[in-house]
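Every number here is computed from the coordinates shown, using simple stated rules; none is lab data. This structure is a prediction, so every number in the text was calculated from the model and none was measured. Don't worry about glycine lacking a Cβ; one is built from the backbone with ideal geometry, like all the others, and counts go over all protein chains shown.
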């Protein structure tokens, strides 16, 4: 696993800008704010004939800004948790990823009992740090793409650009909590998620903070004790699922292409059984810390992961 500094790498950002409009696609249907939770239509998510990401998916993380070591560890352990281990406690993050894999990422002929299935694995390929805010602390979505492209991603990979609590990204809080896009020409996807613990925790770190509007129910305690990082993981999980199942805009989605409901976006705000708008559902609670979770992860971590639209069940599926 490689780790490097973005200083020097970002020298190529100007040339990246020139190809942005022709190559990049941005999905704005990533993590929706809590009050926008909506049940998927009865016809479910449809496949539109395009590519999905499957097999081994290398993930590179761009840390834009200054993150505490514990925050990095929470996110990195989540990525590691998506690869199944035989001794993992249940319900697990690997089981959550397994629903995405079986519902969306298997080759078309995998339904034939004689055809071997292909397990999709998310692999941590490397990390890039930019603690000096090379593009400033106010970023556009174009600049998010630039940061991803500067890592020179390989075909079939995903770049996750994570911004710290001091960085303002276009549309954060007012329109979105995370976003995914792709460079169709190069064949990779990217995702952005920001630490909203300071800017708008009630919108983008919900249910670990009281909602900015609507019913003021008690907030859930974050499973790893960090509202910003645990909120980022909840968002990153959904954005990553949507990025691999609809990377180039012609994969799995429902509704209008430019405002699509995708694998997790279709079930926004649902984390446990009995969820409804403003209520995340019944989840597990750590008896020692009081943290709320629905999945066990690597290195003793616990996470709260979003519901996935299960195409086999034609409904949103939660781990608990």
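Quick one: compute the contact order of the range 199-292, relative version, from alpha carbon pairs under 8 angstrom and 6+ residues apart, as a percent.
23
For a quick check: sort 141, 147 by the number of other beta carbons within 10 angstrom, fewest at the front.
Listed from fewest to most nearby Cβ atoms, that is 141, 147.
What nm value, rounded to one decimal, do you get for the distance between residue 257 and residue 285 when each label is placed 7 Å out toward the C-beta?
Those two pseudo-labels are separated by 4.7 nm.
Using the count of nearby Cβ atoms within 10 Å as a rough guide to exposure, how do 180, 48 rank from fewest to most?
Lowest count first: 48, 180.
Please order 155, 282 by the number of other Cβ within 10 Å, starting at the fewest.
Going from sparsest to densest Cβ surroundings: 155, 282.
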